[in-house]
Amino acid sequence: MTRHLLGLADLGREGLVRLLDASDRWLETRGAPAAARPLAGKTIALVFEKASTRTRVSLEVAVAELGGHPLVLTSSGSQMARGEPVADTARVLGRMAHAITFRTGGEDRLLDMARWSGVPVLNALTDRSHPMQLLADLMTIRRIRGRLEGLRYVWIGDGNNMAWSWIEAAGLLGLELVLACPEGYEPDARAVELARERGGRVEVVRDPERAVTGADVVSTDVFTSMGQEGEAAARLAAFEGFRVTSRLVARASADAVVLHCLPAHRGEEIDADVLEGPRSAVWDQAEARLHTAKAALVWALGVDG
Ligand code: CP
Ligand code: NVA
(Lines give C-alpha, C1' and ligand atoms only; values in the text may rest on other atoms or scores of the structure.)
(Ligands and ions follow the chains in the order given, each with its own letter.)
Protein backbone atom coordinates (compact mmCIF):
# COMPACT_ATOMS: atom_id res chain seq x y z
CA MET A 1 0.00 0.00 0.00
CA THR A 2 1.23 3.49 -0.82
CA ARG A 3 2.43 5.32 2.28
CA HIS A 4 1.41 8.98 2.34
CA LEU A 5 2.40 11.49 5.00
CA LEU A 6 -0.53 13.90 4.72
CA GLY A 7 -0.75 14.44 8.48
CA LEU A 8 1.04 13.13 11.56
CA ALA A 9 -1.77 10.64 12.18
CA ASP A 10 -0.59 8.71 9.09
CA LEU A 11 2.45 7.67 11.14
CA GLY A 12 0.58 6.52 14.23
CA ARG A 13 2.16 6.84 17.67
CA GLU A 14 4.73 4.07 17.25
CA GLY A 15 5.60 5.18 13.74
CA LEU A 16 6.13 8.75 14.90
CA VAL A 17 8.50 7.67 17.67
CA ARG A 18 10.38 5.37 15.27
CA LEU A 19 10.69 8.22 12.80
CA LEU A 20 12.18 10.48 15.50
CA ASP A 21 14.64 7.70 16.43
CA ALA A 22 15.65 7.44 12.77
CA SER A 23 16.04 11.23 12.58
CA ASP A 24 18.50 11.09 15.47
CA ARG A 25 20.47 8.44 13.62
CA TRP A 26 20.54 10.55 10.45
CA LEU A 27 21.91 13.45 12.48
CA GLU A 28 24.55 11.29 14.15
CA THR A 29 25.75 9.61 10.94
CA ARG A 30 25.69 12.66 8.69
CA GLY A 31 28.82 12.88 6.58
CA ALA A 32 30.03 9.41 7.55
CA PRO A 33 31.96 7.83 4.67
CA ALA A 34 29.66 4.82 4.54
CA ALA A 35 26.44 6.79 5.04
CA ALA A 36 23.45 4.90 3.63
CA ARG A 37 22.04 5.99 0.27
CA PRO A 38 18.60 4.38 0.31
CA LEU A 39 17.20 6.65 -2.43
CA ALA A 40 19.82 5.69 -5.03
CA GLY A 41 18.17 5.58 -8.44
CA LYS A 42 15.04 7.36 -7.23
CA THR A 43 13.69 10.76 -8.26
CA ILE A 44 11.66 12.74 -5.74
CA ALA A 45 9.48 15.57 -7.07
CA LEU A 46 9.44 18.54 -4.68
CA VAL A 47 6.42 20.60 -5.73
CA PHE A 48 5.93 24.10 -4.34
CA GLU A 49 2.88 26.27 -4.90
CA LYS A 50 4.01 28.60 -2.10
CA ALA A 51 7.35 30.14 -1.14
CA SER A 52 9.81 28.16 0.96
CA THR A 53 13.35 28.31 2.27
CA ARG A 54 13.72 25.62 4.97
CA THR A 55 11.37 23.04 3.50
CA ARG A 56 12.81 23.28 0.04
CA VAL A 57 16.44 23.27 1.14
CA SER A 58 16.00 20.48 3.69
CA LEU A 59 14.18 18.27 1.20
CA GLU A 60 16.56 18.98 -1.65
CA VAL A 61 19.63 18.29 0.51
CA ALA A 62 17.98 15.26 2.11
CA VAL A 63 17.21 13.62 -1.22
CA ALA A 64 20.70 14.37 -2.55
CA GLU A 65 22.43 13.02 0.57
CA LEU A 66 20.28 9.88 0.44
CA GLY A 67 21.54 9.27 -3.10
CA GLY A 68 18.37 10.27 -4.93
CA HIS A 69 17.59 13.01 -7.42
CA PRO A 70 15.54 15.99 -6.16
CA LEU A 71 13.36 17.49 -8.88
CA VAL A 72 12.04 20.89 -7.80
CA LEU A 73 8.88 22.16 -9.48
CA THR A 74 7.36 25.52 -8.62
CA SER A 75 3.89 26.58 -9.68
CA SER A 76 5.16 29.57 -11.66
CA GLY A 77 7.78 27.47 -13.42
CA SER A 78 5.30 24.78 -14.43
CA GLN A 79 1.83 24.53 -15.94
CA MET A 80 0.25 24.52 -12.46
CA ALA A 81 0.00 28.32 -12.30
CA ARG A 82 -1.70 28.22 -15.73
CA GLY A 83 -4.50 26.10 -14.33
CA GLU A 84 -3.50 22.51 -15.10
CA PRO A 85 -5.49 20.40 -12.64
CA VAL A 86 -3.58 18.73 -9.81
CA ALA A 87 -4.99 15.38 -10.93
CA ASP A 88 -3.23 15.79 -14.28
CA THR A 89 0.06 16.97 -12.77
CA ALA A 90 -0.14 14.10 -10.28
CA ARG A 91 -0.57 11.44 -12.96
CA VAL A 92 2.38 12.76 -14.95
CA LEU A 93 4.66 13.04 -11.91
CA GLY A 94 3.59 9.60 -10.72
CA ARG A 95 4.75 8.06 -14.01
CA MET A 96 8.24 9.47 -13.61
CA ALA A 97 9.02 10.22 -9.95
CA HIS A 98 9.09 7.76 -7.05
CA ALA A 99 7.55 10.13 -4.48
CA ILE A 100 6.20 13.67 -4.31
CA THR A 101 6.38 16.32 -1.63
CA PHE A 102 3.74 19.01 -2.04
CA ARG A 103 3.36 22.51 -0.56
CA THR A 104 0.01 23.96 -1.49
CA GLY A 105 -3.02 25.80 -0.09
CA GLY A 106 -6.22 23.80 -0.01
CA GLU A 107 -6.37 20.31 1.46
CA ASP A 108 -8.27 19.19 -1.65
CA ARG A 109 -5.17 19.80 -3.74
CA LEU A 110 -3.00 17.70 -1.42
CA LEU A 111 -5.59 14.92 -1.43
CA ASP A 112 -5.82 15.03 -5.22
CA MET A 113 -2.06 14.69 -5.49
CA ALA A 114 -2.16 11.62 -3.24
CA ARG A 115 -5.20 10.15 -4.97
CA TRP A 116 -4.00 10.50 -8.55
CA SER A 117 -0.22 10.13 -8.45
CA GLY A 118 0.00 6.51 -7.32
CA VAL A 119 3.25 7.26 -5.44
CA PRO A 120 3.87 8.38 -1.83
CA VAL A 121 2.93 12.02 -1.21
CA LEU A 122 4.30 14.03 1.73
CA ASN A 123 2.61 17.20 2.95
CA ALA A 124 5.17 20.00 2.84
CA LEU A 125 2.60 22.51 4.24
CA THR A 126 -0.99 23.28 3.45
CA ASP A 127 -3.32 25.93 4.83
CA ARG A 128 -4.43 23.28 7.33
CA SER A 129 -1.27 21.64 8.59
CA HIS A 130 2.51 21.40 8.52
CA PRO A 131 3.40 17.91 9.75
CA MET A 132 6.99 17.87 8.49
CA GLN A 133 7.75 20.93 10.61
CA LEU A 134 6.29 19.21 13.67
CA LEU A 135 8.66 16.28 13.18
CA ALA A 136 11.53 18.75 13.46
CA ASP A 137 9.99 20.48 16.48
CA LEU A 138 9.52 17.19 18.32
CA MET A 139 13.03 16.03 17.43
CA THR A 140 14.45 19.30 18.78
CA ILE A 141 12.57 19.05 22.09
CA ARG A 142 13.46 15.41 22.54
CA ARG A 143 17.15 16.09 22.00
CA ILE A 144 17.17 19.00 24.44
CA ARG A 145 14.89 17.64 27.16
CA GLY A 146 15.49 13.92 26.63
CA ARG A 147 11.78 13.16 26.41
CA LEU A 148 8.48 14.41 25.02
CA GLU A 149 6.13 13.16 27.72
CA GLY A 150 5.40 15.05 30.92
CA LEU A 151 6.08 18.51 29.51
CA ARG A 152 3.76 21.52 29.28
CA TYR A 153 3.62 22.70 25.66
CA VAL A 154 2.32 26.19 24.98
CA TRP A 155 1.36 27.72 21.67
CA ILE A 156 0.98 31.51 21.52
CA GLY A 157 -0.72 33.19 18.56
CA ASP A 158 -2.68 32.05 15.57
CA GLY A 159 -4.64 28.80 15.51
CA ASN A 160 -3.08 28.12 12.11
CA ASN A 161 -1.53 25.21 10.21
CA MET A 162 1.30 24.88 12.74
CA ALA A 163 -1.16 24.90 15.61
CA TRP A 164 -3.15 22.15 13.86
CA SER A 165 -0.08 19.93 13.65
CA TRP A 166 0.82 20.61 17.29
CA ILE A 167 -2.71 19.57 18.23
CA GLU A 168 -2.35 16.41 16.16
CA ALA A 169 0.97 15.66 17.88
CA ALA A 170 -0.61 16.20 21.29
CA GLY A 171 -3.32 13.68 20.44
CA LEU A 172 -0.93 11.07 19.10
CA LEU A 173 1.55 11.33 21.96
CA GLY A 174 -0.86 12.21 24.80
CA LEU A 175 0.78 15.60 25.44
CA GLU A 176 -0.42 18.57 27.49
CA LEU A 177 -0.86 21.46 25.05
CA VAL A 178 -2.25 24.90 25.87
CA LEU A 179 -2.97 27.26 22.99
CA ALA A 180 -3.43 30.97 23.68
CA CYS A 181 -5.23 32.53 20.71
CA PRO A 182 -7.21 35.75 20.26
CA GLU A 183 -10.95 35.55 19.67
CA GLY A 184 -11.71 34.55 16.10
CA TYR A 185 -8.29 32.99 15.57
CA GLU A 186 -8.74 29.77 17.55
CA PRO A 187 -7.68 26.42 16.08
CA ASP A 188 -10.21 24.16 14.41
CA ALA A 189 -12.55 22.81 17.11
CA ARG A 190 -12.78 19.35 15.47
CA ALA A 191 -9.00 18.99 15.55
CA VAL A 192 -9.01 19.82 19.26
CA GLU A 193 -11.83 17.36 19.91
CA LEU A 194 -10.09 14.57 18.01
CA ALA A 195 -6.84 15.15 19.88
CA ARG A 196 -8.70 14.98 23.19
CA GLU A 197 -10.39 11.73 22.15
CA ARG A 198 -6.96 10.29 21.34
CA GLY A 199 -5.64 11.22 24.80
CA GLY A 200 -4.12 14.68 24.36
CA ARG A 201 -4.77 17.25 27.10
CA VAL A 202 -5.50 20.18 24.80
CA GLU A 203 -6.84 23.49 26.08
CA VAL A 204 -7.57 26.72 24.19
CA VAL A 205 -7.34 29.93 26.25
CA ARG A 206 -7.31 33.69 25.60
CA ASP A 207 -4.65 34.79 28.03
CA PRO A 208 -1.01 34.26 26.93
CA GLU A 209 0.28 34.98 30.46
CA ARG A 210 -1.88 32.30 31.99
CA ALA A 211 -0.95 29.86 29.24
CA VAL A 212 2.78 30.37 29.48
CA THR A 213 3.03 30.02 33.25
CA GLY A 214 5.14 26.93 33.97
CA ALA A 215 5.58 26.13 30.27
CA ASP A 216 8.39 23.79 29.23
CA VAL A 217 8.04 24.63 25.54
CA VAL A 218 6.85 27.96 24.12
CA SER A 219 6.06 27.97 20.42
CA THR A 220 4.84 30.64 18.08
CA ASP A 221 4.55 31.44 14.38
CA VAL A 222 3.74 34.39 12.14
CA PHE A 223 0.41 36.13 12.70
CA THR A 224 -0.19 36.31 8.94
CA SER A 225 0.44 33.07 7.07
CA MET A 226 1.11 32.72 3.36
CA GLY A 227 -2.08 33.48 1.46
CA GLN A 228 -3.49 35.74 4.21
CA GLU A 229 -1.54 38.86 3.26
CA GLY A 230 -4.75 40.83 2.66
CA GLU A 231 -5.68 40.36 6.34
CA ALA A 232 -2.31 41.52 7.68
CA ALA A 233 -3.49 44.84 9.21
CA ALA A 234 -6.53 43.30 10.91
CA ARG A 235 -4.44 40.45 12.21
CA LEU A 236 -1.78 42.75 13.62
CA ALA A 237 -4.50 44.52 15.61
CA ALA A 238 -6.16 41.28 16.75
CA PHE A 239 -2.88 39.76 17.95
CA GLU A 240 -1.87 42.69 20.14
CA GLY A 241 -0.60 41.25 23.43
CA PHE A 242 0.29 37.90 21.86
CA ARG A 243 3.93 38.68 21.08
CA VAL A 244 6.46 36.36 22.72
CA THR A 245 8.52 38.79 24.79
CA SER A 246 11.20 38.16 27.42
CA ARG A 247 8.68 39.32 30.05
CA LEU A 248 6.24 36.63 28.89
CA VAL A 249 8.90 33.92 28.69
CA ALA A 250 10.02 34.78 32.24
CA ARG A 251 6.77 33.15 33.43
CA ALA A 252 7.73 29.83 31.81
CA SER A 253 9.82 27.21 33.59
CA ALA A 254 13.50 28.10 34.10
CA ASP A 255 14.68 25.74 31.35
CA ALA A 256 11.85 26.40 28.91
CA VAL A 257 12.64 25.98 25.21
CA VAL A 258 11.41 28.58 22.73
CA LEU A 259 10.53 27.41 19.23
CA HIS A 260 9.56 29.21 16.03
CA CYS A 261 9.28 27.37 12.73
CA LEU A 262 10.55 30.49 10.89
CA PRO A 263 10.47 32.76 9.01
CA ALA A 264 10.13 35.11 12.01
CA HIS A 265 9.00 38.72 12.14
CA ARG A 266 11.00 40.23 14.96
CA GLY A 267 8.95 42.67 17.01
CA GLU A 268 5.69 41.23 15.68
CA GLU A 269 5.02 37.69 17.00
CA ILE A 270 8.37 37.38 18.80
CA ASP A 271 10.98 39.82 20.09
CA ALA A 272 14.51 39.66 18.71
CA ASP A 273 16.04 39.13 22.18
CA VAL A 274 13.90 36.02 22.69
CA LEU A 275 14.55 34.62 19.22
CA GLU A 276 18.30 35.13 19.65
CA GLY A 277 18.29 34.45 23.40
CA PRO A 278 19.55 31.49 25.44
CA ARG A 279 16.21 29.68 25.51
CA SER A 280 15.70 29.79 21.77
CA ALA A 281 16.30 26.54 19.88
CA VAL A 282 15.22 27.86 16.51
CA TRP A 283 18.45 27.10 14.64
CA ASP A 284 18.58 23.50 15.91
CA GLN A 285 14.90 23.34 15.00
CA ALA A 286 15.66 24.53 11.47
CA GLU A 287 18.51 22.00 11.12
CA ALA A 288 16.22 19.24 12.35
CA ARG A 289 14.21 19.75 9.17
CA LEU A 290 17.02 17.99 7.28
CA HIS A 291 17.29 14.94 9.55
CA THR A 292 13.54 14.50 9.86
CA ALA A 293 13.07 14.98 6.11
CA LYS A 294 15.42 12.05 5.52
CA ALA A 295 13.54 9.88 7.99
CA ALA A 296 10.18 10.85 6.49
CA LEU A 297 11.27 10.12 2.91
CA VAL A 298 12.76 6.76 3.88
CA TRP A 299 9.54 5.87 5.75
CA ALA A 300 7.26 6.95 2.88
CA LEU A 301 9.25 5.06 0.27
CA GLY A 302 9.44 1.98 2.47
CA VAL A 303 13.20 1.75 2.01
CA ASP A 304 13.83 1.48 5.75
CA GLY A 305 14.43 -2.26 5.54
N1 CP B 1 9.37 26.46 8.52
C2 CP B 1 9.20 26.38 7.18
O3 CP B 1 8.44 25.55 6.66
O4 CP B 1 9.94 27.29 6.49
P5 CP B 1 9.86 27.57 4.93
O6 CP B 1 8.54 28.23 4.66
O7 CP B 1 11.03 28.48 4.67
O8 CP B 1 9.96 26.27 4.20
N1 NVA C 1 2.00 29.49 9.23
C2 NVA C 1 3.05 29.80 8.30
C3 NVA C 1 4.11 28.76 8.36
C4 NVA C 1 5.30 29.04 7.48
C5 NVA C 1 6.34 27.95 7.55
C6 NVA C 1 2.48 29.89 6.90
O7 NVA C 1 1.65 29.05 6.53
O8 NVA C 1 2.84 30.81 6.16
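Checked against (1) away from ligand 1 (no atom under 16 Å from the Cβ); (2) open to solvent by less than 40 Å² (accessible area, probe 1.4 Å); (3) closer than 18 Å to Thr140 by Cα, Pro187 passes all but a single condition, namely (3).
Of everything in the range 61-71, what is closer than 21 Å to Gly105 by Cα and either within 16 Å of ligand 2 (Cβ to nearest atom) or crowded, with 17+ Cβ neighbours inside 10 Å (or both)? Give them in sequence order. Selection gives nothing.
Put simply, of Arg18, Arg54 the only residue that is within 16 Å of ligand 2 (Cβ to nearest atom), on the phi < 0 side of the Ramachandran plot and among the basic types (Lys, Arg) is Arg54.
For Glu193, the conditions (1) open to solvent by less than 10 Å² (accessible area, probe 1.4 Å); (2) part of a helix (DSSP H, G or I) all hold with the exception of (1).
Residues that are open to solvent by 40 Å² or more (accessible area, probe 1.4 Å), touching a helix residue (DSSP H, G or I) at 6+ places or on another chain (Cβ under 7 Å) and within 16 Å of ligand 1 (Cβ to nearest atom) within the range 22-53 comprise just one, Glu49. If you go through the range 196-228 and keep only what is buried (at least 21 other Cβ atoms within 10 Å of the Cβ) and away from ligand 1 (no atom under 16 Å from the Cβ), you end up with Gly200, Val202, Pro208, Ala211, Val212, Ala215, Val217, Val218. Within the range 141-162, being part of a helix (DSSP H, G or I) and over 17 Å from Pro263 (Cβ atoms) holds for Ile141, Arg142, Arg143, Ile144, Arg145. Of all residues in the range 92-114, count the ones that are in a strand (DSSP E or B) and within 11 Å of ligand 2 (Cβ to nearest atom). Residues in the range 92-114 being in a strand (DSSP E or B) and within 11 Å of ligand 2 (Cβ to nearest atom): 1 in total. Taken over the range 254-281, the criterion of being at positive phi and either open to solvent by 80 Å² or more (accessible area, probe 1.4 Å) or among the aromatic types (Phe, Trp, Tyr) (or both) is satisfied by no residue. Counting the residues of the range 115-137 that are more than 16 Å from ligand 2 (Cβ to nearest atom), part of a helix (DSSP H, G or I) and surrounded by 24 or more Cβ atoms within 10 Å (Cβ to Cβ) gives 1. Among helices (runs of 4 or more DSSP H) entirely within the range 229-282, having at least 2 residues that are within 16 Å of ligand 2 (Cβ to nearest atom) and under 23 Å from the mean Cα position of the chain (by Cα) singles out 232-238. Just checking, does the range 116-128 include any residue being away from ligand 1 (no atom under 16 Å from the Cβ) and free of Cβ contacts under 8 Å to residues at least 60 places away in the same chain? Within the range 116-128, one or more residues are away from ligand 1 (no atom under 16 Å from the Cβ) and free of Cβ contacts under 8 Å to residues at least 60 places away in the same chain.
Looking at the structure I just gave you, is Leu59 in a helix (DSSP H, G or I) and under 24 Å from the mean Cα position of the chain (by Cα)? So Leu59 fits the description; yes.
The values are calculated or read from the model by the stated rules, or taken from the named source; none is laboratory data. Keep in mind that what you see is a predicted model, and the values were worked out from it rather than measured. Here Cβ is always computed from backbone atoms with ideal geometry, including for glycine, and neighbour counts include all displayed protein chains. Please note that ligands, DNA and RNA were not included when accessible areas were found on the heavy atoms of the full protein model with its side chains. Shrake-Rupley method; radii C 1.70, N 1.55, O 1.52, S 1.80 Å.
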